[in-house]
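Any read-out appearing in this document is the output of simple, stated calculations on the displayed coordinates, not a laboratory observation. As the structure is a prediction and not an experimental result, all values here were calculated from the model.
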Amino acid sequence: MPADPPTDRLANLPDDDLDPLSLPPEDRPALASALIRGGGDGAADWLELDYDARFLRRKRLTSASGRPVMVDLPETVSLEQGDGLRLETGEVIGVEAAREPLLRVEGENLPRLAWHIGNRHTPCQVGDGHLLIRDDHVLRKMLEGLGATLSPTTERFRPEGGAYGHGRTMGHDHVHAHAADQVAPHPDTTRGHANAHGHHPDFEAQSKQPKS
């Protein structure tokens, strides 16, 4: 009886328990242990990963050509379109952002919509006259309340990386209960970052008014 393919024999082995160098040559995936920012353009082979899959440290993946690759980096990173991973052979394998379901956000006051999205630490890609976010029923209801036009789309998701370049905007574990039902007034940008995170001060003042 022929032996199982290497990918079948290793499929159920947790990534943390897999030492590629301990495997026989026929089972050994290509080892990628160095990240090269922007170094993947023109690579002959690549890894096509969606937004969640591009956040990793140690992971077994399969390249576009079908080659098994073991990514084993010193620390957790957010891979970006055009990055490269150097293999133990010296070859560089590229990183491509996979197409995934997203929500296209359009509206007359796009900066205001972007502010409310960012205030909830939601990953957001800024396009020409539109924003792209991952679909979320709470955000959808909030944005509709702000007058946004929403439409589903499938695109490569490459959200903004934060104020210091590479990195991720992490969403809150929860959204305040009133976020979906009540729209805060447009923020006064002169108030600074202290008020940009959390509730708008005018909204806070309204919420503290005694009930009649």
inquiry  = Explain nothing, just the number: relative contact order of the stretch 25-97, from Cα pairs under 8 Å at least 6 residues apart, as a whole percent.
reply    = 44 percent
query = F55 to T153: extension gain in nm, 0.36 nm per residue of separation minus the Cα-Cα distance?
reply = 33.1 nm
key: the stretch 45-68-the stretch 106-144 distance, computed between alpha-carbon centres (Å)   = 28 Å
inquiry  = What's the whole-number percent of alpha carbon pairs in the stretch 84-159 lying beyond 19 angstrom?
reply    = 39 percent
